[in-house]
Amino acid sequence: MNTKSLPFPVTSDQSFYEALGDWIGDVFYDILPEKGLELRDEQIFMAFQLEQAYKNKSVIFAEAGVGTGKTIAYLLYAVAYARYTGRPAIIACADETLIEQLVKPTGDIKKIEKMLDMEIDVRLAKSREQYLCLKKLDEADKRTEDEAIEDVYLQLPEFVYGAGSMSSFYPYGDRKEYPYLDDEQWQAVNYDSLQDCLSCDVRHRCGQTLHREYYRQSGDLIVCSHDFYMEHIWTKDARVREGQLPLLPEASSVIFDEGHLLEYAAQKALTYKTSMQSMEKVLSKLSGNDIREKTLYLIDSILELHDDWFALISSSADHSSERMKIKKSDQLIKASARLKKSIDELLEELVFESEMYVIDEYDLKISEEYLETVLFSLKLLVEDDNAIIWLEENFEDERLVIMPRMVEEILREEVFSKKLPFIFSSATLSVDEDFSYLASSLGIDDYSSFTVESPYEYDEVMSIQVRVLDETDRASAISDIVNQNDGGSLILFNNYEDQDLFRFTNLIDDKQCLFEGDEEISTLVEKFQEDTSSVLASINLWEGLDVPGLSLNQVIIDSLPFPPDDPVFEAKRNHSVDPINEVDLPYMLLRLQQGAGRLIRSSSDKGKITIFLSKDEEKWIPAIKKILPVEPEIIR
């Protein structure tokens with residue numbers, strides 16, 4: 001690891017924390033004002049609250065409004081403490097967009113480097129799905145004549161296929177490098193869980209592997225997504241048992257930026273997935289080896305049973321939401337038991353096949369690992385009444401997802417029992433300064449917290465309308481609002497179905513409309529920022545989007561962001577005494593605050609927000625008024 005010296009001296013009669021406090025005071029009271037930054041009481045208050053969390057190695061919820069400079073505050077502590085302990089700090093961001101904004105040339109890390117004349121060693125650790133897989137790229141190129149896939153090949157550096165040498169770290173393979181691929185094209189060539197990187201013959205030339213070896217050596221900061229941090233937590237023990245390093249090194253402290261979204265990342269990481277296409281892909285590849293006739297018959301039988309099983313699951317699923325509820329019928333339980341029995345038999349046969357050395361080692365390992373995952377999923381489906389189960393549609397495939405139990409139990413044990421500074425930073429962590437909803441969702445029993453308001457005078461720069469309107473009229477109403485504006489409109493949806501409905505029914509004139517999913521997300525944001533007359537429609541940019549100026553001067557919220565009626569939230573509701581007030585309403589209000597927070601990002605910003613409600617949702621107007629920064633105009 002590239003260790004560095006502390007950014008301040010520690011005298012013989014001082015402790016580290018005393019010297020740290022003196023340095024923080026010098027930075028905020030002297031150095032930053034000399035560099036032209038405004039002295040902010042809110043930022044200084046936050047900084048000295050963070051000092052207690054670092055001293056006590058405890059959890060703190062740091063809720064600070066837009067414009068308080070919270071990122072600079074936590075970065076100063078993270079870097080200093082990393083150098084003191086000799087271990088990097090991990091900053092886990094809600095998504096890849098937030099990562100890019102944190103490390104961009106005009107971001108807060110670069111600002112600190114320039115103002116304090118110090119070099120910060122910051123390295124990115126993106127989710128594995130954000131990297132190109134050379135194996136899948138080869139397969140995709142054989143299956144398709146898509147010119148975009150061929151363009152990916154042409155972008156590969158020479159050393160990948162032996163035509164050149166690599167004398168130093170050379171980054172490649174990041175999703176951001178292929179902005180012209182839409183989400184479906186990217187999924188055809190990116191890493192997925194069916195790839196066994198450990199036994200892959202091109203792993204030492206793989207962009208993901210090279211990035212991992214590089215970021216492990218960071219001396220100050222490793223920036224990753226919530227998803228990747230949670231994947232690290234769930235897989236670290238298994239990786240160590242297999243002789244691999246965990247995905248992330250030991251951290252000195254962990255900062256969760258937009259920390260209110262951590263629960264969702266934990267849910268995603270702690271799931272077991274099987275799909276129609278994956279089973280066929282794995283077993284078809286296995287059949288291509290020189291295996292016995294008995295094993296081939298067993299594979300054919302499993303594929304047939306698997307198709308029937310998935311058809312039964314699909315027919316018993318509630319297709320009204322993205323996470324489709326599964327009804328556990330006796331017929332489904334019996335079909336699951338038959339499939340489980342056949343997979344057990346195949347795994348026994350593969351033991352004999354492996355002893356004959358007729359199966360490719362890579363194919364064998366992939367098959368065994370995937371079949372073990374399916375077996376565990378079947379066991380949970382049949383035996384665990386507390387398992388949370390749903391079906392997802394994923395482009396042309398269907399995927400069964402099983403989560404064994406509520407995530408707060410595992411988070412409590414695997415994460416927040418550790419004696420480390422855990423910093424949650426966001427403008428919205430509480431509902432009316434009550435942090436209990438977030439704390440209980442994450443299994444956090446002991447924590448400190450504080451709230452500081454934004455220094456911006458919202459009454460002078462922002463107007464809000466709450467419009468009560470039937471859903472059938474919204475596309476036309478949104479189009480009218482956008483057309484009346486010069487540009488810079490962000491439209492926030494709750495799901496792809498609503499966004500697609502608007503895509504095909506909107507009446508927006510003479511403006512570039514950008515839709516999430518059509519290109520790599522940070523590329524879309526960049527286009528939106530550069531074209532001040534453009535419109536950006538999104539499902540996931542309720543938080544983390546930081547576009548100051550005319551490029552974003554209007555936010556339109558298509559509907560109140562209540563949690564979906566899916567198995568995950570149904571389980572949360574079932575464990576609640578008052579589901580509406582303990583689950584649904586706090587979730588909606590936190591997300592609504594985040595969406596409204598996209599508008600004013602700097603002291604010179606101004607604009608308007610429009611929030612659409614159905615007539616049935618009028619009863620929530622008093623609660624909505626409490627969390628909005630200005631009094632809204634209600635239009636019925």
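In table form, for the structure just shown:
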quantity: Near pairs, Cβ below 8 angstrom, 6+ apart or cross-chain, from segment 273-299 (closer than 21 Å to VAL351 by Cβ and open to solvent by less than 80 Å² (accessible area, probe 1.4 Å)) to any residue that is aromatic (Phe, Trp, Tyr) and assigned to a helix (DSSP H, G or I); calculated: MET279/TYR370; VAL282/TYR370; ARG292/PHE352
quantity: Residues of segment 209-233 classified as among the charged types (D, E, K, R), open to solvent by 10 Å² or more (accessible area, probe 1.4 Å) and either farther than 17 Å from GLN130 by Cα or in contact with a His (Cβ under 8 Å, 6 or more places away or on another chain) (or both), total; calculated: 1
quantity: Count of segment 599-614 residues which are open to solvent by 10 Å² or more (accessible area, probe 1.4 Å), touching a strand residue (DSSP E or B) at 6+ places or on another chain (Cβ under 6 Å) and under 16 Å from ASP558 (Cα atoms); calculated: 1
quantity: Segments classed as helices (runs of 4 or more DSSP H), wholly inside segment 402-466, with at least 3 members that are under 20 Å from the mean Cα position of the chain (by Cα) and in contact (Cβ under 8 Å) with a residue 24 or more places away in the chain; calculated: 407-414, 436-441
quantity: Wholly within segment 473-590, strands (runs of 3 or more DSSP E) carrying at least 2 residues that are without any contact (Cβ under 8 Å) to a residue 40 or more places away in the chain, hydroxyl-bearing (Ser, Thr, Tyr) and under 29 Å from ALA623 (Cα atoms); calculated: none
quantity: Identity of the residue in segment 129-145, open to solvent by 30 Å² or more (accessible area, probe 1.4 Å) and touching a helix residue (DSSP H, G or I) at 6+ places or on another chain (Cβ under 6 Å), that ends up farthest from TYR214 (Cα to Cα); calculated: ASP141
quantity: Criterion violated by ILE580 - all others in (1) modelled with pLDDT under 85; (2) open to solvent by 40 Å² or more (accessible area, probe 1.4 Å) satisfied; calculated: (1)
quantity: Residue check, LEU501 out of contact with any strand residue (DSSP E or B) (no Cβ under 6 Å at 6 or more places or on another chain) and open to solvent by less than 40 Å² (accessible area, probe 1.4 Å); calculated: no
quantity: Conditions (1) outside any helix (DSSP H, G or I); (2) in contact with a Ser or Thr (Cβ under 6 Å, 6 or more places away or on another chain); (3) of a type in the set (S, T, N, Q); number of the one not met by GLN14; calculated: (2)
quantity: Residue ID - nearest to LEU286 (Cα to Cα), chosen from residues in segment 332-362 that are of a type in the set (Val, Ile, Thr) and in contact with a helix residue (DSSP H, G or I) (Cβ under 9 Å, 6 or more places away or on another chain); calculated: ILE359
quantity: When residues of segment 72-116 are limited to those that are closer than 24 Å to LEU524 by Cα, touching a Ser or Thr at 6+ places or on another chain (Cβ under 9 Å) and among the polar types (S, T, N, Q), the one surrounded by the fewest Cβ atoms within 10 Å (Cβ to Cβ); calculated: GLN101
quantity: Segment 358-379 residues that are open to solvent by 30 Å² or more (accessible area, probe 1.4 Å), paired with ones that are aromatic (Phe, Trp, Tyr) (beta carbon under 7 Å, 6 or more apart); calculated: THR373/TYR272; PHE376/TYR272
quantity: Condition met for PHE395 (surrounded by fewer than 20 Cβ atoms within 10 Å (Cβ to Cβ), over 30 Å from TYR77 (Cβ atoms) and modelled with pLDDT of 80 or more); calculated: no
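The values are calculated or read from the model by the stated rules, or taken from the named source; none is laboratory data. Because the structure is a prediction, the values reported are computed rather than measured. Don't worry about glycine lacking a Cβ; one is built from the backbone with ideal geometry, like all the others, and counts go over all protein chains shown. When the accessible area is computed, the model is the full protein with side chains, heavy atoms only, and any ligands, DNA or RNA have been set aside. Shrake-Rupley method; radii C 1.70, N 1.55, O 1.52, S 1.80 Å.
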